[in-house]
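A.B. asks: Structure provided below as structure tokens; questions to follow.
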Amino acid sequence: MSLSLEGKTALVTGGSRGIGRSIALILAEYGADVAITYASSVDAANKVKEEIESKGRQAKAIQADAVDLSKAEDVISEITDDWEKLDILVNNAGITRDNLILRMSEEDWDQVIDTNLKSIFNYSKAVAKPMMRNRGGSIINISSVVGLSGNAGQSNYAASKAGIVGFTKSYAKELASRNIRANVVAPGYITTEMTENLDEKLLEAIKADTPLGRPGDADEVSQVVAFLASDLSSYITGETIRVDGGMAM
């Protein structure tokens, strides 16, 4: 059996750039119709929409605040009204507000927890009933190896990403009887426009800590997401898969 998402519909939150963009395009490449949400990058989101459509798939780009539960419900309703179902949800929206804990503001803590963790609750809750009606679905939550190992200066980010793992295991247990699977992908250092300007010394240190000796590519994360979205992973739920070159081994 080869990997195919033909006939499936997907939503990728935070899909206008970086790993989210790559995931959206890979899912479309395998045959899924794909909707993305974005915070403010209208031009970038519309470009992703056009790229999905160029692959012969249906596409949507919906502006939405990931922190707003009612907006999440509206997004899911729009997709299921137009496409009749939603088979795949990829919770990818996330931000960083790095600082040492003694210098971190309450606002920086709250913003990261809300965007990275509460958004997972919002969309996973909103999609539960439509997936139950559809008698199945796959949810893939994007965490980070930082959520597994911690990182100085990223206590808010690490807490949010660790929370995703616990949430996903609980959700997987609650919804398994309805044939809804939930899994986590935890990337390590991945080259994107957000990370390409890192200090060269820091980049060399990251490489030294990575057994494979290089940064990852966004598409290497996206291929794992596509696998978890597909029927090839039909007996996998509640799992966390690291895509990190061995960094957190």
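A.B. asks: May I ask you to list the residues in the stretch 80-95 that are surrounded by fewer than 23 Cβ atoms within 10 Å (Cβ to Cβ) and not in a loop (DSSP other than H, G, I, E, B)?
C.D. replies: Across the stretch 80-95, the qualifying residues are T80, D81, D82, W83.
A.B. asks: Just to check your reading of the model, which residue among E174, E239, E200 is among the acidic types (D, E) and touching a residue at least 24 places away in the same chain (Cβ under 8 Å)?
C.D. replies: Only one candidate passes the filter, namely E239.
A.B. asks: Working carefully through the options G163, G213, find the one that is among the small types (G, A, S), over 16 Å from I26 (Cβ atoms) and modelled with pLDDT under 95.
C.D. replies: It is G213.
A.B. asks: Continuing with the same structure: Touching a residue at least 40 places away in the same chain (Cβ under 8 Å), among the acidic types (D, E) and out of contact with any Cys (no Cβ under 7 Å at 6 or more places or on another chain): is that true of D114 in this structure?
C.D. replies: yes
A.B. asks: Looking at the stretch 14-27, can you tell me whether even one residue there is crowded, with 24+ Cβ neighbours inside 10 Å, within 21 Å of D81 (Cα to Cα) and polar (S, T, N, Q)?
C.D. replies: No, the stretch 14-27 contains no residue that is crowded, with 24+ Cβ neighbours inside 10 Å, within 21 Å of D81 (Cα to Cα) and polar (S, T, N, Q).
A.B. asks: Within the set of pairs 6 or more residues apart or between chains, which connect a residue that is assigned to a strand (DSSP E or B) inside the stretch 48-63 to a residue that is among the acidic types (D, E) and modelled with pLDDT of 95 or more with Cβ atoms less than 8 Å apart?
C.D. replies: A59/D33; A59/E50; A59/E53; K60/E78; K60/D82; I62/E78
A.B. asks: Which number in (1) buried (at least 24 other Cβ atoms within 10 Å of the Cβ); (2) in contact (Cβ under 8 Å) with a residue 60 or more places away in the chain marks the one condition that Y30 misses?
C.D. replies: Evaluating Y30 over (1) buried (at least 24 other Cβ atoms within 10 Å of the Cβ); (2) in contact (Cβ under 8 Å) with a residue 60 or more places away in the chain leaves (1) as the failure.
A.B. asks: Taking K125 and the conditions (1) surrounded by 18 or more Cβ atoms within 10 Å (Cβ to Cβ); (2) closer than 20 Å to E73 by Cβ, which numbered condition does it fall short on, given that it satisfies the others?
C.D. replies: It is condition (1) that K125 fails.
A.B. asks: Another question, then. If I filter the stretch 123-168 down to residues being of a type in the set (A, V, I, L, M) and in contact with a Pro (Cβ under 9 Å, 6 or more places away or on another chain), which single residue comes out as nearest to I19 (Cα to Cα)?
C.D. replies: I142
A.B. asks: Might you let me know whether the stretch 97-120 holds any residue that is closer than 22 Å to S138 by Cα, aliphatic (A, V, I, L, M) and in a helix (DSSP H, G or I)?
C.D. replies: yes
A.B. asks: Has the stretch 121-132 got at least one residue that is of a type in the set (A, V, I, L, M), within 24 Å of D244 (Cβ to Cβ), within 18 Å of the chain's Cα centre (by Cα) and at pLDDT 95 or above?
C.D. replies: no
A.B. asks: Could you pull out every one of the helices (runs of 4 or more DSSP H) wholly within the stretch 142-249 that has 2 or more residues that are surrounded by 19 or more Cβ atoms within 10 Å (Cβ to Cβ)?
C.D. replies: Those helices (runs of 4 or more DSSP H) span 146-149, 155-175, 218-229.
The values are calculated or read from the model by the stated rules, or taken from the named source; none is laboratory data. Model, not experiment: these values are computed from the prediction. Here Cβ is always computed from backbone atoms with ideal geometry, including for glycine, and neighbour counts include all displayed protein chains.
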